[in-house]
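Novice: Starting off with a structure, shown below.
The values are calculated or read from the model by the stated rules, or taken from the named source; none is laboratory data. All values derive from a computational prediction rather than experimental measurement. Here the Cβ positions follow ideal geometry from the backbone for every residue, glycine too, while neighbour counts run over all protein chains shown. Accessible surface is based on the protein model in full, side chains and every heavy atom, while ligands, DNA and RNA are left aside. Shrake-Rupley method; radii C 1.70, N 1.55, O 1.52, S 1.80 Å.
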Amino acid sequence: MSAVIQDFVVHQLRINADQELVLMPRNACFEISSQIEELAQQLHHTYNGKPGKGLGGLSEDTEDSFSTHLSALYGGELSFHGFSVKTAELLRQKLMEFATLETGFVVFSRYQFLATDYLLIALINTRQHVEINQELELNYSDHLDLAKMQLAARIDITEMQVNKDKQRYISFIKGRAGRKVSDFFLSFLGCEELVDSKEQNKQLVSQVDQYLSGEQMDTSEKQQSRQVVSDYYKEKLEQGENISLPELSERMPASTEGQDFYSFIQQHQQEQPLEQDFPADRAVIKGLSKFSGQGGGISINFDRQLYGERIQYDQASDTLIIKGVPPNLKDQLLKSGK
């Protein structure tokens with residue numbers, strides 16, 4: 001499924017000769033060519049694949065705020081290009097306020113995907129590529145490094161217009177470990193994080209385990225149910241849609257008492273309750289099919305279906321018993337001389 005690209009423009013933040021962070025705006029939006037469509041599609045899929053996003057909404061309008069400019073855009077008072085220049089300048093000011101000389105290309109993409117309108121904003125750096133032409137000469141060019149995109153946010157315009165009070169229409173990348181790069185964008189957008197999607201996904205997996213542990217199913221039946229959840233996650237990640245608990249519940253088997261999965265979740269809410277819908281985290285797929293852990297110089301992962309059969313855990317002695325050691329590991333152990 002392809003996105004329908006409506007507007008696309010790129011501006012640049014760079015350091016000038018006086019070591020000041022300046023904005024170099026493009027004079028107009030790009031014509032929507034096949035190349036622009038391909039780039040915008042890549043941007044859309046890259047953003048969808050980023051794990052651990054936060055969710056929130058915009059704060060009240062203030063003078064010269066992102067929210068004010070967004071309202072002007074959808075109220076017909078600003079063109080998309082005018083909106084992009086004003087908000088890119090606002091981002092520059094916020095970066096100066098945070099005493100951070102973050103450079104790169106500010107990308108604005110407005111598009112529709114599966115009948116939902118989106119506005120995606122990202123600050124992306126470049127990396128150099130080397131190409132060889134037919135005369136075997138080397139040509140160097142800079143490409144947008146989408147894979148390392150860390151400063152980005154996407155507004156679900158449709159959700160904002162329909163359920164603005166819910167304050168769940170903005171998602172953003174939370175940032176690299178040890179550096180909360182999302183703080184720049186939160187201040188720039190005037191957005192307060194209300195939902196940690198990574199924790200929501202972890203909690204959902206925990207609820208799936210609890211739900212299945214109370215059922216009179218054999219190991220293969222439980223694994224099949226987890227595969228249902230895994231397939232649902234893959235579908236949502238591919239489509240760029242949120243996980244919907246009622247929708248997922250319809251695919252899960254009902255309990256022996258006739259209770260569905262969604263009712264079970266509502267009766268077993270934790271301190272931070274599960275949202276009815278939230279962005280999918282790709283890491284969940286692995287967690288549904290494997291057990292993994294590391295620490296103290298040990299790293300272990302194995303298929304869930306092996307637990308209780310080839311792999312046993314003795315809680316009293318805190319011992320993991322593996323029957324049928326992998327041949328390559330066994331060979332290393334025998335050759336170690338210990």
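Novice: Viscosity 1.002 mPa s, temperature 20 °C: give me the Stokes-Einstein translational D for the chain in µm²/s, with Rh taken as the Kirkwood radius over C-alpha pairs.
Specialist: Values: Rh = 23.1 Å.
The estimated diffusion coefficient comes to 93 µm²/s.
Novice: Taking the chain as a Gaussian network, where each spring joins two C-alpha atoms under 10 Å apart, which residue of 52, 293, 214 fluctuates the most?
Specialist: 293
Novice: Can you tell me the orientation of helix 34-49 relative to the chain, as the angle in degrees between its alpha-carbon axis and the longest Cα principal axis, to the nearest 10?
Specialist: Once rounded, the angle reads 40 degrees.
Novice: In degrees from 0 to 90, rounded to the nearest 10, what is the angle of the helix 197-213 Cα long axis to the longest principal axis of the chain?
Specialist: Once rounded, the angle reads 20 degrees.
Novice: So what does log10 I(q)/I(0) come out to for the stretch 69-155 at q = 0.11, 0.16, 0.20 Å⁻¹, using the Debye formula with one equal point on every Cα and no solvent?
Specialist: With no solvent term, the Cα-only Debye profile gives -0.45, -0.79, -1.02.
Novice: Something else: List every residue whose amide H lies under 5 Å from the amide H of residue 126, counting only residues 5 or more places away in sequence or on a different chain, with H placed 1.01 Å from N in the peptide plane.
Specialist: The answer is 145.
Novice: Over 30 Å between Cα atoms, which of 198/323; 234/323; 148/222; 86/164; 50/323 qualify?
Specialist: On the way: 198/323 34 Å; 234/323 32 Å; 148/222 37 Å; 86/164 23 Å; 50/323 37 Å.
Where the Cα-Cα span goes over 30 Å, the pairs concerned are 198/323; 234/323; 148/222; 50/323.
Novice: Here is a further query. Give the long-range amide H neighbours of residue 50: residues separated by 5 or more places, or on another chain, with amide H under 5 Å away, using H modelled in the peptide plane at 1.01 Å from N.
Specialist: none
Novice: Would you pull out the residues with amide H under 5 Å of residue 12's amide H, same chain only if 5 or more places away, H placed 1.01 Å from N?
Specialist: 24, 26, 106
Novice: Now a separate question. For the chain, modelled as a Gaussian network with Cα springs under 10 Å, which listed residue fluctuates most, 172, 30, 80?
Specialist: Of 172, 30, 80, the Gaussian network model singles out 30 as fluctuating most.
Novice: Using only alpha-carbon positions, what ratio does the radius of gyration of the stretch 115-212 give when scaled by 2.2 N^0.38 Å?
Specialist: Numbers: Rg = 19.4 Å, N = 98, 2.2 N^0.38 = 12.6 Å.
Compared with the compact-globule rule of thumb, the stretch 115-212 sits at 1.55.
Novice: Please list, in order along the stretch 62-70, the HN-Hα scalar couplings obtained from phi with the Karplus expression 6.51 cos²θ - 1.76 cosθ + 1.60 (θ = phi - 60°), rounded to whole Hz, x for Gly and Pro.
Specialist: 10, 4, 6, 10, 4, 4, 5, 5, 5
Novice: Can you give the accessible area of residue 87, probe radius 1.4 Å, in Å² rounded to 10?
Specialist: Approximately 0 Å² of residue 87 is accessible to the 1.4 Å probe.
Novice: In the full protein assembly as shown, how much of residue 129 is accessible to a 1.4 Å probe, in Å² to the nearest 10?
Specialist: The value for residue 129 is about 60 Å².
Novice: Moving to a separate point now. Compare 142, 18, 277 in a GNM of the chain, Cα atoms joined below 10 Å, and give the one with the largest fluctuation.
Specialist: Per the Cα network of the chain with a 10 Å cutoff, 18 tops the list.
Novice: Want the number for residue 23 to residue 254: 0.36 nm per residue separation, take away the alpha-carbon distance, what's left? Write out the running numbers ahead of the final one.
Specialist: On the way: separation 231, 0.36 × 231 = 83.16 nm, distance 5.65 nm.
In short, 77.5 nm is gained.
Novice: Still on this structure, I have one more. Which whole-Hz couplings ³J(HN,Hα) result when phi for each residue of the stretch 284-293 is put into the Karplus expression 6.51 cos²θ - 1.76 cosθ + 1.60, θ = phi - 60°, listed in order with x for Gly and Pro?
Specialist: Running phi through 6.51 cos²θ - 1.76 cosθ + 1.60 with θ = phi - 60° gives 4, 4, 5, x, 6, 10, 9, 9, 8, x Hz.
Novice: Additional query: What percent of all Cα-Cα pairs in the stretch 183-338 falls into each 10 Å bin, going from 0 up to the bin containing the maximum distance?
Specialist: P(r) for the stretch 183-338, in whole percents per bin: 8, 31, 30, 19, 9, 3, 0.
Novice: Net charge around residue 302, counting only other residues with Cβ within less than 14 Å of its Cβ (Lys, Arg = +1; Asp, Glu = -1)?
Specialist: Summing Lys and Arg as +1 and Asp and Glu as -1 gives +3.
Novice: Additional query: Largest first, how would 330, 50 line up by accessible area (1.4 Å probe)? Write down the numbers at each step before the final one.
Specialist: Numbers: 330 110, 50 30 Å².
Descending order: 330, 50.
Novice: Another question about this same structure. So what J values fall out for the stretch 136-153 if you push phi through Karplus, 6.51 cos²θ - 1.76 cosθ + 1.60 with θ = phi - 60°, rounded to Hz, Gly and Pro as x?
Specialist: 3J(HN,Hα) across the stretch 136-153, in whole Hz: 6, 9, 8, 10, 10, 8, 9, 10, 5, 8, 5, 4, 9, 4, 10, 9, 7, 8.
Novice: Summing -39500 (n - 2.57) over the DSSP H runs of n ≥ 4 in the chain and dividing by its residue number, what mean residue ellipticity at 222 nm do you reach, to the nearest 500 deg cm²/dmol?
Specialist: Numbers: 11 runs with 125 residues, N = 338.
About -11500 deg cm²/dmol.
Novice: Where does helix 219-239 land angle-wise versus the long Cα axis of the chain, in degrees 0 to 90, nearest 10?
Specialist: Rounded to the nearest ten degrees, it is 10.
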